Amino acid sequence: MRIKIAFILLFTCVNVFAQDKEISFITELSKKTLGINENLRVDFKMNQDGDNFIAPSFEGFRVVGGPNQSVSNMWVNGKRTFSKIYSYYLSPLKTGSLSIGQATIEIDNKIYKTIPVKVKVSESVSIKKDPNDASYVVNENLHLVAEISNNKPYLNQGFSVVYKLYFSPQINVTNVGEIDSPEYNDFWSHNIKIPRLQIQRGTFKGDNYNYVIWKKIVLYPQKSGTLSILPLTLDVSVDVPTNKRDFFGNRIYTQVPKTVTAGKREINVLNLPGNAPENFNGAVGDFNIELSTTKKELNASESLQATLKVSGSGNLKLFSIPSLVTPSSVEKYDPEYKENVKTNITGMYGNILDTYTLVPQFKGKYPISPVEFVFFDPKTREYKSVFSNEIMIDVLEGPASYSSDNSKQVLSNNAINNISLLKSQFKFIKTKSNLISLEPYNFIYSTLFYLVIILPFIMVLVVIIFFKSKKSSDLDIEGYKSRRANKLAKKYLSEAKKSLQKKDVFYVALEKALHNFLKSKLSIETSDYSKEKIKRLLLNKNIQNESVDLFIILIENCEFARYTPTSNVGINNDYENAVKVIAEIDKQI
């Protein structure tokens, strides 16, 4: 009997030893052939726990989901089965034969690598109409659309592009990231900031949809012909309801990553009519011009400012104001340019102005002629001219201007050729100087002498007071902790504190503050990290488990609060816990 038991124990030990040595680390694909419009799931699977996992570069693919980690550890009939999987969702960038490279893992101080696998990517394929297929549901209920206000604008005529993400009430959009931002070549562009995404109701192809406005762009084409607007591409995480329910009867959702694009758009830019006036300088829109001066009466050699202002709506930043024409006896300096231009969804509006400094040289009356401004009006499809008002400058006192033929005073615009230098022309130059004495300076008993004697005593007194204050402050440990926590909370949680009465805004600001704190303290981009990876990173920094768990709970609360109601008490508790955990982690770091 003893021999039989010993034989069984020996056989079991041999089996366990053999199992421990048979380490498996492989790559599994959801499919080996797919269309360029489909996603691929890649699982890196191992039968023993390992560390320092390194994924391949996924050349030829875009990572749209992952890494997701799952662990399975089961005992069946006394036999242990262990499985650990790192999962990625990939979107192919081109057709042809692509390769998934080697992944590496460290198990028992040894490095293991997967074998590269090939994937064949074909042209776009039609997705099977299966209502139970989550990918099909997402494809039918999620759309990114670029709405263009004018497909045939004139050269330098503004138009808008609004990118809207439509999603049906059947699905939930949980996360959106911008992958490719279009470059608007051959356009002057202005991005209109959207302070906060708001869900709105609308229709898409006759069906009711929810939508958010993702981006607003105002464009002004800089050349005529057919111009291309490259597509905007978004990476969207979508929760799709399944037919399964949990223990409490709630519907179970499955998350599907989806890449959506607005598609390439063509704009046919019309050239301006060929009958443009000679003084047309590219202004397109609806404008008016006006002239104003700071003075209308002054003496010779005094100065005034003349302002030429163009106001209205159109391409205000893309043309120059016509020059101001003045009599030759009035000295004119280069203008100072200013602009007060705003941009909304309809384009630019406001005014631009040139301010000239004018200095008349002689006594008399000097008219400033009206200035003509020519622009193209796209509404009427014709060129228009507007004129500024005429202003008369009356120079009351000063030398008279005489012609070379007689002594009669004239106000000729050509009199500048006969101008002689005036004695009063340079009266602004100072001719009196402030001289100082060069007698020897007596330092003894001077003010500086007493300051040099007293200053060291004052400095010693200040140092003593400083160290006493610092010593008492260092002894006040609780007070220091409180001040430190308040300082950190003010730095990272100021936006969240302002929004305590607004649940959605508060939790967005709180989540951003938590990520910014880790980014500041650990110099990492936590937006690319999962909660598990953040937890592991903090533990590697020797942060206490209680602090790490509280930090992760706060991140989860931020995620749950987007879809579940939250009381004011819960919001206040989350804010106080955030202050506490930031202070504790900062102290431990």
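Readers should treat all values here as calculations from the given coordinates under stated rules, not as data from a laboratory. Here the structure is a predicted model, which means the values were calculated and not measured. Positions of Cβ are generated from backbone atoms using ideal geometry, with glycine treated the same way; all protein chains shown enter the neighbour counts.
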By how many nm would the segment from residue 342 to residue 400 grow when fully extended, if each residue of separation counts as 0.36 nm and the alpha-carbon distance is taken off? 16.2 nm
Charge tally for neighbours of residue 307 with beta carbon under 11 Å away, counting Lys, Arg as +1 and Asp, Glu as -1, is -1
If you rank 215, 317, 79 by fewest surrounding Cβ atoms within 10 Å, what's the result? 79, 317, 215
Please give the contour-minus-distance gain from residue 332 to residue 250: 0.36 nm per residue of separation, less the Cα-Cα distance, rounded to one decimal in nm. 21.6 nm
Read phi for every residue in region 29-38 and hand back ³J(HN,Hα) as whole Hz from Karplus 6.51 cos²θ - 1.76 cosθ + 1.60, θ = phi - 60°, with x for Gly and Pro. 10, 5, 7, 9, 10, 8, x, 5, 8, 10
To make sure I understand, if each residue's beta carbon is the centre and we count other beta carbons within 10 Å, what order do 445, 88 fall in, fewest to most? 445, 88
Plugging the Cβ-Cβ distance of residue 69 and residue 264 into 1/(1 + (r/R0)^6) at R0 = 30 Å yields, to the nearest 0.05, a FRET efficiency of 0.20
Amide hydrogen neighbours beyond the local backbone of residue 344, cut-off 5 Å, H modeled: 349
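Provide, as a two-decimal number, the C-alpha radius of gyration of region 22-70 over 2.2 N^0.38 Å, N being how many residues it has.
Numbers: Rg = 12.5 Å, N = 49, 2.2 N^0.38 = 9.7 Å.
The value comes to 1.29.
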Label point at residue 520 placed 7 Å out along Cα→Cβ; residues across region 572-586 whose backbone nitrogen lies under 20 Å: 574-586
Residue-wise, which Karplus ³J(HN,Hα) couplings in Hz belong to region 579-588, taking 6.51 cos²θ - 1.76 cosθ + 1.60, θ = phi - 60°, and x for glycine or proline? 4, 5, 6, 5, 5, 5, 5, 4, 5, 5
Rounded to the nearest 0.05, what FRET efficiency do residue 36 and residue 372 give with R0 = 51 Å and r taken as the Cβ-Cβ distance? Could you check? 0.35
Scattering curve values for region 97-193, log₁₀ I(q)/I(0), Debye with Cα scatterers, q = 0.15, 0.22 Å⁻¹: -0.97, -1.17
Residues 331, 38, 183, sorted so that the one with the fewest Cβ neighbours within 10 Å comes first: 183, 331, 38
Where labels lie 7 Å past Cα in the beta-carbon direction, separation of residue 79 and residue 145 in nm: 5.7 nm
Separation between Cα centres of region 119-194 and region 269-320, rounded to whole Å: 40 Å
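Hand me the chymotrypsin sites (Phe, Trp or Tyr not before Pro) from region 336-390 located in a DSSP loop with no more than 15 other Cβ atoms within 10 Å, in residue order please.
none
Quick check on my link table: of 215/541; 84/535; 498/519; 205/498, which ones sit more than 29 Å apart, alpha carbon to alpha carbon? Numbers along the way, then the final one.
Numbers: 215/541 39 Å; 84/535 18 Å; 498/519 22 Å; 205/498 41 Å.
Where the Cα-Cα span goes over 29 Å, the pairs concerned are 215/541; 205/498.
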Surrounding net charge for residue 194, when Lys and Arg each add one and Asp and Glu each subtract one, Cβ distance under 9 Å: +4
Return the FRET efficiency for the residue pair residue 469, residue 580: r is the Cβ-Cβ distance, R0 is 30 Å, and the value is rounded to the nearest 0.05. 0.65
Output the pairs from 79/113; 32/531; 317/512; 193/587; 258/533; 94/223 with a Cα-Cα distance over 28 Å in this structure; if there are none, say none. 32/531; 317/512; 193/587; 94/223
Mind listing the phi-derived Karplus ³J(HN,Hα) values for region 108-118, rounded to whole Hz, using 6.51, -1.76 and 1.60 with θ = phi - 60°, and x for any glycine or proline? 6, 6, 10, 9, 10, 10, 7, 8, x, 10, 9
Calculate, in nm to one decimal, what residue 501 and residue 455 gain on full extension: separation in residues at 0.36 nm each, minus their alpha carbon distance. 11.2 nm
Residues whose built amide H sits under 5 Å from the amide H of residue 269, excluding neighbours closer than 5 in sequence, are 225, 226, 227
